[in-house]
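The values are calculated or read from the model by the stated rules, or taken from the named source; none is laboratory data. What you are looking at is a predicted structure, and each value in this text was computed from that prediction instead of being measured. Here Cβ is always computed from backbone atoms with ideal geometry, including for glycine, and neighbour counts include all displayed protein chains. Keep in mind that these areas ignore ligands, DNA and RNA; they rest on the heavy atoms of the full protein, side chains included. Shrake-Rupley method; radii C 1.70, N 1.55, O 1.52, S 1.80 Å.
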Amino acid sequence: MAKLRGYVFLDRLQPQLMSLLGATCRGYLPRANDASLTVEVAPGMDVEWLTDVALKHDDVKPGVLVVERQFGYLEFHSKYAASVQSAGAALLAAMGTSELDAIKPEILANRIVDRVDGYHSFLINRSKAGSMLLPGESLFILEMQPAAYALIAANEAEKASNVKLVDCRFMGAAGRLYLAGAESDVRTAAEVAIETLQNLAGSHA
């Protein structure tokens with residue numbers, strides 16, 4: 001039976017997160033200010049029939065459909081938040097579960113690194129999917145489980161602060177977020193990202 005691990009509704013995709021998703025997804029490209037929903041389920045293959053349920057229920061566009069080692073991920077979006085929420089409700093009904101049954105996110109690690117060294121920024125930039133991390137900038141790193149919640153941490157931090165989204169990894173055993181910029185902006189973004197995850201409801205793993 002399918003287990004809902006993560007249920008991540010974003011009311012308005014922010015420009016940087018939208019661009020990162022668009023650069024890596026194999027489905028339909030999202031637009032800034034689209035509403036978006038990402039679900040993480042186990043076992044991974046169950047995401048296939050859940051995709052069928054969501055797409056047949058309402059007019060939403062799939063951006064991400066991935067079955068990785070253990071978990072499955074589906075992201076869909078629309079310019080109409082009501083359509084996204086309706087398709088999400090149908091998906092939950094098909095699973096016989098509710099949004100509150102998703103696992104409450106757990107923060108595994110978080111740290112601010114001030115005045116990043118040039119060699120360090122070079123190493124991070126070799127594998128990032130978003131903006132460049134420049135030497136001398138502050139860097140915020142955040143790791144959480146389930147992985148999909150990296151998306152809402154990134155989106156809310158971008159709303160709240162003038163930071164650069166260096167990377168957002170929302171699949172696998174843990175999610176990881178990298179934000180960079182001026183020290184004061186990064187500290188504001190870090191506070192918002194952590195508070196966002198702490199305030200989410202859900203069950204304990």
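Give me the one-decimal nm value for the distance between modelled label points at Tyr28 and Glu99, 7 Å along each residue's Cα-to-Cβ direction.
Placing both labels 7 Å beyond Cα along the Cβ direction yields 2.1 nm.
By how many degrees, 0 to 90 and rounded to 10, does the Cα axis of helix 46-57 deviate from the longest principal axis of the chain?
That works out to roughly 70 degrees.
If I model a spin label as a point 7 Å beyond the Cα along the Cα-Cβ vector, how far apart are those points for Gln70 and His120 in nm?
Here the modelled spin labels are 2.9 nm apart.
Assuming a ≥ b ≥ c are the square roots of the Cα gyration tensor eigenvalues, decide whether the stretch 13-69 counts as rounded (a/c under 1.5), prolate (otherwise, with a/b larger than b/c) or oblate.
Here the stretch 13-69 falls in the oblate category.
Hey, which of these cross-link pairs are over 24 Å Cα-Cα: Lys3/Lys104; Lys3/Lys56; Lys56/Lys79; Lys61/Lys104; Lys61/Lys164?
Flagged as over cut-off: Lys61/Lys104; Lys61/Lys164.
How high is the FRET efficiency between Val113 and Asn162 when r is their beta carbon distance and R₀ equals 30 Å, given to the nearest 0.05?
In this case the efficiency is close to 0.95.
Once fully extended, how much extra length lies between Trp49 and Gln198, figured as 0.36 nm per residue of separation less the alpha-carbon to alpha-carbon distance?
50.6 nm
With a 1.4 Å probe and every protein chain kept in, tell me what percent of the accessible surface of the stretch 73-141 is carbon plus sulfur.
55 percent
Can you tell me how much longer the chain between Leu134 and Tyr80 gets when fully stretched, taken as 0.36 nm per residue apart minus their C-alpha distance, in nm with one decimal?
Fully extending the segment from Leu134 to Tyr80 adds 15.8 nm.
Looking at the stretch 76-143, which trypsin sites (Lys or Arg not before Pro) are DSSP coil and have at most 16 other C-beta atoms within 10 Å of their C-beta?
Lys79, Arg115, Arg126
Taking the Cα centre of each part, how many Å lie between the stretch 3-56 and the stretch 91-156?
16 Å
Can you tally the net charge around Glu106? Count Lys and Arg as +1, Asp and Glu as -1, for every other residue whose Cβ sits under 13 Å from the Cβ of Glu106.
Here the count lands on +1.
What's the local net charge at Tyr178, with K and R +1, D and E -1, over the other residues with C-beta under 12 Å away?
+2
Mind checking the stretch 3-104 for GluC sites (Glu not before Pro) that DSSP puts in a loop (not H, G, I, E or B) and that have at most 14 other Cβ atoms within 10 Å?
Counting only loop positions with at most 14 other Cβ atoms within 10 Å, the GluC sites (Glu not before Pro) in the stretch 3-104 are Glu68.
Once you have a ≥ b ≥ c as the square roots of the Cα gyration tensor eigenvalues for the stretch 31-96, tell me rounded if a/c is under 1.5, and otherwise prolate or oblate according to whether a/b is larger than b/c.
Oblate.
Nearest 10 degrees, 0 to 90: what angle lies between the long axis of helix 150-160 and the longest principal axis of the chain (Cα atoms)?
60 degrees
If Lys and Arg each add +1 and Asp and Glu each add -1, what is the summed charge of the other residues whose beta carbon sits under 14 Å from the beta carbon of Cys25?
That works out to +2.
Hey, what angle do you get for helix 15-24 against the long axis of the chain, alpha-carbon based, 0 to 90 degrees rounded to 10?
70 degrees
Once a ≥ b ≥ c are taken as the square roots of the eigenvalues of the Cα gyration tensor of the stretch 156-205, is the result rounded (a/c under 1.5), prolate (a/b larger than b/c) or oblate (a/b not larger than b/c)?
Note, shape of the stretch 156-205 comes out oblate.
With every protein chain left in place, what is the accessible area per residue of the stretch 106-145 in square angstrom, probe 1.4 Å?
Averaged over the residues of the stretch 106-145, the accessible area is 61 Å².
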